[in-house]
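> Supplied in structure tokens, the structure appears directly below.
The values are calculated or read from the model by the stated rules, or taken from the named source; none is laboratory data. Note that the coordinates shown come from a computational prediction; the quantities given were computed from them, not determined experimentally. We place every Cβ from the backbone using ideal geometry, glycine too, and count neighbours over all the protein chains shown. Only protein heavy atoms, including side chains, enter the accessible area calculation; ligands, DNA and RNA are left aside. Shrake-Rupley method; radii C 1.70, N 1.55, O 1.52, S 1.80 Å.
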Amino acid sequence: CTPHGIQALLEHHGVPIAGRHVVIVGRGLTIGRPLANLLSLKRPNANAAVTVVHTGVADLGVYTRQADILVAAVGRPEMIKGDWVKPGAVVIDVGINRVPAPKESGRNTRLVGDVEFISASQVAGAITPVPGGVGPMTIAMLLKNTVACAKAMA
């Protein structure tokens with residue numbers, strides 16, 4: 001559901017995918033690999049050149065700075081810094097990490113993504129927030145799949 005939600009989010013906002021270089025940071029079985037397969041298919045709203053990298057890669061920023069569309073799905077709070085983002089790139093932050101909150105906030109923890117939002121938003125052409133970005137799209141795709149399944153069984 002999450003890879004499909006990312007694709008739908010890009011489509012909805014008119015972000016061209018075909019022919020673009022998509023860099024996915026994270027090779028997991030639920031997001032990284034399925035998204036790479038989905039976006040590389042020869043179909044509408046796909047047909048991209050996809051590079052999958054992971055946290056074991058030396059100088060990860062070399063790869064992320066090449067991305068027209070950068071997807072962060074590594075599960076490490078604010079790992080992707082603004083200087084790792086190509087100017088004007090679309091940044092999709094899939095991460096959801098709970099970290100300690102500043103004492104003045106009155107809370108114990110806060111949610112952040114895998115991308116350092118403030119620095120990356122100064123460079124990116126568009127960026128998804130955490131929370132409120134990819135998560136609702138995942139839920140929407142789950143509901144879409146549930147309805148399609150129910151219709152198929154009727």
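> Farthest toward the dipole's positive end in the chain, which of 8, 82, 54, given Cβ charges of +1 (Lys, Arg) and -1 (Asp, Glu) about the Cα centre?
The residue sitting most towards the positive pole is 8.
> Net charge near residue 21: determine it from the other residues with C-beta under 10 Å of the C-beta of residue 21, scoring Lys and Arg +1 and Asp and Glu -1.
With Lys, Arg at +1 and Asp, Glu at -1, the net is +1.
> Hey, another quick one. Pull out the extension gain between residue 51 and residue 126, defined as 0.36 nm times the separation in residues minus the alpha carbon to alpha carbon distance; nm, one decimal.
25.0 nm
> Still on this structure: Hey, could you get me the Stokes-Einstein D for region 58-108, Kirkwood radius over alpha-carbon pairs, 20 °C and 1.002 mPa s, rounded to whole µm² s⁻¹?
The Stokes-Einstein estimate is 172 µm²/s.
> Just how large is the dipole of region 8-154 about the Cα centre, in debye to the nearest 20, putting +1 at every Lys and Arg Cβ and -1 at every Asp and Glu Cβ?
Taking the Cα centre of region 8-154 as origin, the dipole is about 380 debye.
> For n ≥ 4 DSSP H runs only, could you compute -39500 (n - 2.57) per run for the chain, divide by its residues and tell me the 222 nm figure to the nearest 500?
My calculation for the chain gives -9500 deg cm²/dmol from helical runs alone.
> Would you please give the residues with an amide H less than 5 Å from that of residue 110, counting only those at least 5 places away or on a separate chain, with H modeled from the backbone geometry?
Correct list: 99, 101.
> Quick check: with the 1.4 Å probe, what order do 144, 86, 103 take by accessible area, largest first?
Reading off the accessible areas and sorting them downward yields 103, 144, 86.
> Antiparallel as a % of all DSSP beta bridges within the chain, to the nearest 5?
So the antiparallel bridges amount to about 20 percent of the total.
> A follow-up question, please. Can you work out the accessible area per residue across region 17-154, with the rest of the protein chains kept in place, probe 1.4 Å, in square angstrom? Display every interim value, and only then the final one.
Working: 7780 Å² over 138 residues.
Per residue, region 17-154 has an accessible area of 56 Å².
> Here's a follow-up. At a 1.4 Å probe, what is the % contribution of carbon and sulfur to the accessible area of region 61-154?
Its accessible area is 60 percent carbon and sulfur atoms.
> Given the Cα-Cα distance of residue 43 and residue 146 and 0.36 nm per residue of separation, how much length would full extension add, in nm?
34.8 nm
> Run the quick spin-label model on residue 59 and residue 83: label points 7 Å from Cα toward the beta carbon, then report their separation in nm to one decimal.
For residue 59 paired with residue 83, the spin-label model returns 1.4 nm.
> Calculate, for residue 8 and residue 105, the FRET efficiency according to 1/(1 + (r/R0)^6) with r their C-beta to C-beta distance and R0 25 Å; round to the nearest 0.05.
0.15
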